[in-house]
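Reviewing the structure listed below.
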Amino acid sequence: MANLERRRYIYFESGRRLREEKLRNGILSLTSQGVNGNDLKQILVNLNNDLSTNADEPPGKRRRVEGKEGFIARLTSCSHILEVDLSYNQRLGAFGMDHIHLLPPQVYSLNLNNCGLSLDGFRKICKFMETNNTITQLRLCDTYMNNAKAECVGIMLAKNNTLKDLSISINCLMGLGKEGLKFLGDGLRQNKSLKRLGYFQKEDHEALLYFASVLMEGGGSELQTIRILTNSYSDASAFEKVVIPKWTTVLQKCGNLVDLGVDHNGLWGKQVVFLLELNSFRARQVTRAAKPKELLETLEKASQRKCVDVMYYLIQNNCRLFGS
């Protein structure tokens, strides 16, 4: 046990400089540091304290504690902390989520990837987020998502009106079934704030089609980025014949949607990429507005980014503004 604690101490100290540099920049990074529920409680209490608990002791008598405990003890009066990264601390669990309400009000980003969240822990963080109005970015990847957890996320999305960026990963072999997808879809239909959704599940054909249907029905109306799959798909024929036509229709309707995630293998095809570019420049909105100044500004931006297809679209569909 002593050797294990020693290794943890050495590991923590090895990243001390980078950790403290991030802290100065408003990022509290404690990823993979064996943080448990009691540690988290003390961290959040210290962040909210105005003075250190031993501030009245003479400087010569203060004991400087090193390692994780020392770092936590010095987290006082850190009102500049904006991002909290607790990822890969599997000992946090449900007990840690009992204290998440102690987060300082200025924190806008919370990373809980792979924090050992059982269904109970998942319910607690989602319940907290239902009424939270300061956190705009939440990471919940590597949490062994299932239908019951998806229901928690769906309820959270339906009630929260400030969250802008959510990442979840469905890291079980079969992904979510229809019931779990329906929970997420119901939440998206009522949500009016989410701009980015990261839903990572390899080759989830059903999810791709389901989320497309939700967007066509007006759900996720503020979404700009949605990433639903990894960059591979074994049945390329099905992807081309079923998935791409569905999402082509979605992009024609949802002008806010500008990113479907990284596409190294060219899965989406030229038509989808073209529609994403049109949306990113708001080319169709600019055409409908018919304002020469706005059109010229958009053409200049497209030229700078060498988006020839967008330039051609704007010129072809705005001939009347050029007097021909």
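Data table
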item	result
Exposure rank, largest accessible area first [Lys195, Lys182, Lys149; 1.4 Å]	Lys182, Lys195, Lys149
Cα-Cα over 18 Å, subset of Lys149/Lys246; Lys182/Lys241; Lys22/Lys127; Lys41/Lys124	Lys149/Lys246; Lys182/Lys241; Lys22/Lys127
Solvent accessible area, Å² - Leu82, 1.4 Å probe, full protein context	70 Å²
List His80, His205, ordered by accessible area with a 1.4 Å probe, largest first	His80, His205
Ile315 accessible area, 1.4 Å probe, all protein chains in place, Å² to nearest 10	80 Å²
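The values are calculated or read from the model by the stated rules, or taken from the named source; none is laboratory data. Remember, predicted model here, so these are calculated numbers, not experimental data. When the accessible area is computed, the model is the full protein with side chains, heavy atoms only, and any ligands, DNA or RNA have been set aside. Shrake-Rupley method; radii C 1.70, N 1.55, O 1.52, S 1.80 Å.
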